[in-house]
Amino acid sequence: MSDIVSHIVTVFLGFFAIMNPIANTAAFAALVGHKSKEQQKKIAKKALLITFFVILAFSVLGNAIFHLFGITLPALRITGGILVFIIGYHMINGSGSSLHSAERVEQGDLAVSPLAVPLLAGPGTIATAMNYSSSAGFVGILITLSVFALLCIITFFCFVYSSKILAVIGEAGLSIVTRLMGLILAVIGVQMFIEGVIAVIDSLN
């Protein structure tokens, strides 16, 4: 039981760090802060539903994708680890990674892009989800999706009350949270990379 609880906590912290609801709340406010509360709720709901189904698809179809493209789990862990580390490194230095950026805003549905993809369901989030879900079978998928659903709910409330949250924490608080999440991400990325390398070495023996 303790192993399951530990895994749940690890998955939650991993997703929380890479989705960073607090920092993404600032991006959400910048993108849709001029709209009415009702419109903001609709956009937040649509963005997070799309995000959840994207992660659902990659979590459930992870093994099928592996077989289709001839990808191994160690390869995913090594590549995903590098990817997650880079995102974390940028966050530690106080700048967002272009992999999870909302700077380029085009005309269209903001809920789909850039909010859902790549801000929430970016490459790092997808790699993290596939890593967690593919390493523990059906239970791993169930835990990954349950934890991610909880985080989507938390993020929704952060988005809806974005103006109040940002007023409380301020720019300094936002910077501190972003750097702390970046540190956690960098460590998770290194751990994923190490696990991938160890698996490759073991397969050669």
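The values are calculated or read from the model by the stated rules, or taken from the named source; none is laboratory data. Please read all numbers here as calculations on a predicted model, not as lab measurements. Neighbour counts are summed over all protein chains in view; Cβ atoms, including those assigned to glycine, are modelled from backbone coordinates with ideal geometry. When the accessible area is computed, the model is the full protein with side chains, heavy atoms only, and any ligands, DNA or RNA have been set aside. Shrake-Rupley method; radii C 1.70, N 1.55, O 1.52, S 1.80 Å.
A few notes on this one:
- Sole exception among (1) in contact (Cβ under 8 Å) with a residue 12 or more places away in the chain; (2) closer than 29 Å to Val177 by Cβ for Leu73, by number: (2)
- The combined condition, being open to solvent by 30 Å² or more (accessible area, probe 1.4 Å), farther than 30 Å from Ile71 by Cα, assigned to a helix (DSSP H, G or I) and at pLDDT below 90, is not fulfilled by Arg104.
- Scope the stretch 20-40; condition of a type in the set (S, T, N, Q) and in contact (Cβ under 8 Å) with a residue 12 or more places away in the chain; matching residues: Asn20, Asn24, Thr25, Gln40
- Restricting the stretch 48-85 to residues that are surrounded by fewer than 20 Cβ atoms within 10 Å (Cβ to Cβ) and polar (S, T, N, Q) leaves a set whose member that is modelled with the highest pLDDT is Thr79.
- Scanning the stretch 163-177 for residues that are within 11 Å of Pro21 (Cβ to Cβ) and modelled with pLDDT under 90 yields a single hit, Val177.
- Test: residue in the stretch 24-36 that is open to solvent by 40 Å² or more (accessible area, probe 1.4 Å) and part of a helix (DSSP H, G or I): yes
- Within the stretch 127-138, considering residues that are part of a helix (DSSP H, G or I) and either without any contact (Cβ under 8 Å) to a residue 24 or more places away in the chain or of a type in the set (Ser, Thr, Tyr) (or both), the one surrounded by the most Cβ atoms within 10 Å (Cβ to Cβ): Thr128
- The residues of the stretch 146-170 that are under 17 Å from the mean Cα position of the chain (by Cα) and either open to solvent by less than 30 Å² (accessible area, probe 1.4 Å) or under 13 Å from Ala44 (Cβ atoms) (or both), listed by number, are Val147, Phe148, Leu151, Cys152, Ile153, Ile154, Thr155, Phe156, Phe157, Cys158, Phe159.
- For Ile43, the test of being over 25 Å from Ala136 (Cα atoms) and either without any contact (Cβ under 8 Å) to a residue 60 or more places away in the chain or open to solvent by less than 30 Å² (accessible area, probe 1.4 Å) (or both) is passed.
- Total residues in the stretch 133-162, condition touching a helix residue (DSSP H, G or I) at 6+ places or on another chain (Cβ under 9 Å) and at pLDDT below 90: 6
- Any pair with Cβ under 8 angstrom, 6 or more apart, that starts in the stretch 107-126 at a residue that is of a type in the set (A, V, I, L, M) and ends at one that is surrounded by fewer than 24 Cβ atoms within 10 Å (Cβ to Cβ) and not in a helix (DSSP H, G or I): Leu115/Ala102; Leu119/Ser101; Leu119/Ala102
- Verdict on Ile143 being assigned to a helix (DSSP H, G or I), aliphatic (A, V, I, L, M) and within 14 Å of the chain's Cα centre (by Cα): no
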